[in-house]
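Asker: Take a look at this one; I'll ask things after.
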Amino acid sequence: MRLGINGFGRIGRSVMRIVSQAADPGITVAAINDIAPADRLAYGLKRDSLRGRFAGTVESRPGRLIVNDRPVRVFHEQSPSRIPWSDADVDVVIEATGRFRTGDVARDHITHGGARKVLISASADTPDAFLIWGANHDTYDPARHDVVSPASCGVNALSMMAKVLLDRFGLHGVNTSVVLAIQGWQKGHDQSTGTSRNDPRLGRAMNQSIIPHDHVAGELVSVALPRLGEICHTYYCVPTPIGSLAELSGLIDRPATIDEVNTAMAEAAAGPMRGLIDYDPDPTVSIDVLNNPASVMFDPAGTRTTTDGRLKVRGWFDNEWGFSHRLLDLTRLLGQREPARAGARLHPAAA
């Protein structure tokens, strides 16, 4: 399967690192589009302040990156409608610029560029489907879903915990909260233009404040798991470099003890949700989730229950690394020439 990446920022480089380090990823990064010159793209991949040095070789040539001796085409187009993905025989494009989040614009990668499918690495506007791996990815219809969004890293983390609780205990009256580490679009000083989702608060200095973010994380959890019904949600950006927090509270159909809830999560992490939920019994803080490929690292110390059926759980997630692994899971699904067979493994990358 041949992958194209539009935007070689934090997510684009994480995807490249994961593919390049995997023994048998089933995916080849065939082309990258970014406005930066190839030598800058090579440098950004080779050295990373959070991930460390790239575990391989990276060189640049005119119109090429050479990654582990494998050539990768490099384009420098401003608009999705001008990127010649067909010249590199690209099957699936990961739209990772953060700029082209509407379904109509992202579809230009197909109609003008020649790709077959597009995966928007953000909570998109009007995609053909929101697919959360492990929650509702089995609803994928290759005949109708050409432009897909996996929502966000926070939605993926919350959905994994919510699914376990919903299936085991029943769950309703849900409240969610996401505390998100620094994002690539944030700046060290206040800015008035180029802010995410046109919210002026998101242009404030990232290292000075806890910044509220009116994001739709809770609503998209209920899109993935409609049995949950309406969800109240909050979302904050905080000045930590990596490692984010997801908290979920609600009412379950019968009272359960803390041990029962934690056991359900541990069993899911060792069984059907292996690779998607990581269960860590040690006392943890946000940096402990660095480079964890799971959608959420469940923290059993955060579980609370009451005798009338209320509960609260929490988990950590590496907002770049875990989410990039889910993008690749969905890339494999979208890139299949035939529909996935019923009963296929939930998480092929964990095999």
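Asker: If residue 157 passes every condition in (1) surrounded by 20 or more Cβ atoms within 10 Å (Cβ to Cβ); (2) without any contact (Cβ under 8 Å) to a residue 12 or more places away in the chain but one, which one does it miss?
Answerer: Checking residue 157 against (1) surrounded by 20 or more Cβ atoms within 10 Å (Cβ to Cβ); (2) without any contact (Cβ under 8 Å) to a residue 12 or more places away in the chain, the one that fails is (2).
Asker: Which of the residues belonging to the range 57-78 are open to solvent by 40 Å² or more (accessible area, probe 1.4 Å) and either assigned to a loop (DSSP other than H, G, I, E, B) or under 16 Å from residue 28 (Cα atoms) (or both)?
Answerer: Across the range 57-78, the qualifying residues are 57, 62, 64, 68, 69, 70, 71, 73, 76, 77, 78.
Asker: Still on this model: Would you check if there is a residue in the range 27-43 being touching a helix residue (DSSP H, G or I) at 6+ places or on another chain (Cβ under 6 Å), surrounded by fewer than 16 Cβ atoms within 10 Å (Cβ to Cβ), over 26 Å from residue 241 (Cα atoms) and at pLDDT 95 or above?
Answerer: no
Asker: Looking only at the range 254-270, filter to residues that are over 14 Å from residue 306 (Cβ atoms) and open to solvent by 70 Å² or more (accessible area, probe 1.4 Å); which one of those is nearest to the chain's Cα centre (by Cα)?
Answerer: By that ranking, first place goes to 270.
Asker: Take residue 207 and tell me if it is in contact (Cβ under 8 Å) with a residue 24 or more places away in the chain, open to solvent by 30 Å² or more (accessible area, probe 1.4 Å), in contact with a His (Cβ under 8 Å, 6 or more places away or on another chain) and not charged (D, E, K, R). Before the answer, list the steps.
Answerer: Working: in contact (Cβ under 8 Å) with a residue 24 or more places away in the chain: yes; open to solvent by 30 Å² or more (accessible area, probe 1.4 Å): yes; in contact with a His (Cβ under 8 Å, 6 or more places away or on another chain): no; not charged (D, E, K, R): yes.
No.
Asker: Would a scan of the range 290-298 turn up a residue that is open to solvent by 30 Å² or more (accessible area, probe 1.4 Å) and not hydrophobic (A, V, I, L, M, F, W, C)?
Answerer: yes
Asker: Answer yes if at least one residue in the range 64-87 is closer than 24 Å to residue 295 by Cβ, out of contact with any Gly (no Cβ under 6 Å at 6 or more places or on another chain) and not acidic (Asp, Glu), and no otherwise.
Answerer: Looking for residues that are closer than 24 Å to residue 295 by Cβ, out of contact with any Gly (no Cβ under 6 Å at 6 or more places or on another chain) and not acidic (Asp, Glu), one finds none in the range 64-87, hence no.
Asker: Still on this structure: Name the residue, out of 191, 183, that is in contact with a strand residue (DSSP E or B) (Cβ under 7 Å, 6 or more places away or on another chain), part of a loop (DSSP other than H, G, I, E, B) and of a type in the set (S, T, N, Q). Steps first, please.
Answerer: Values: 191 fails: in contact with a strand residue (DSSP E or B) (Cβ under 7 Å, 6 or more places away or on another chain).
Exactly one residue qualifies, and that residue is 183.
Asker: Just to be sure, is residue 13 open to solvent by 40 Å² or more (accessible area, probe 1.4 Å) and charged (D, E, K, R)?
Answerer: Working: open to solvent by 40 Å² or more (accessible area, probe 1.4 Å): yes; charged (D, E, K, R): yes.
When the stated conditions are applied, residue 13 passes them.
Asker: Could you list, in sequence order, all residues of the range 133-159 that are part of a loop (DSSP other than H, G, I, E, B) and over 20 Å from residue 233 (Cβ atoms)?
Answerer: Selection gives 133, 140, 141, 142, 143, 144, 145, 146.
Asker: Taking the range 266-314 as the region of interest, how many residues are without any contact (Cβ under 8 Å) to a residue 24 or more places away in the chain and in contact with a Ser or Thr (Cβ under 6 Å, 6 or more places away or on another chain)?
Answerer: 1
Asker: What's the number of the condition residue 123 fails, among (1) closer than 24 Å to residue 42 by Cβ; (2) in contact (Cβ under 8 Å) with a residue 60 or more places away in the chain; (3) not acidic (Asp, Glu)?
Answerer: Every listed condition holds for residue 123 apart from (1).
The values are calculated or read from the model by the stated rules, or taken from the named source; none is laboratory data. Note that the structure is a prediction, hence the values are computed from the model and not measured. All Cβ positions, even for glycine, are placed from backbone atoms using ideal geometry, and neighbour counts span all protein chains on display. Quick note on the areas: whole protein, heavy atoms, side chains included, nothing else; ligands and nucleic acids left out. Shrake-Rupley method; radii C 1.70, N 1.55, O 1.52, S 1.80 Å.
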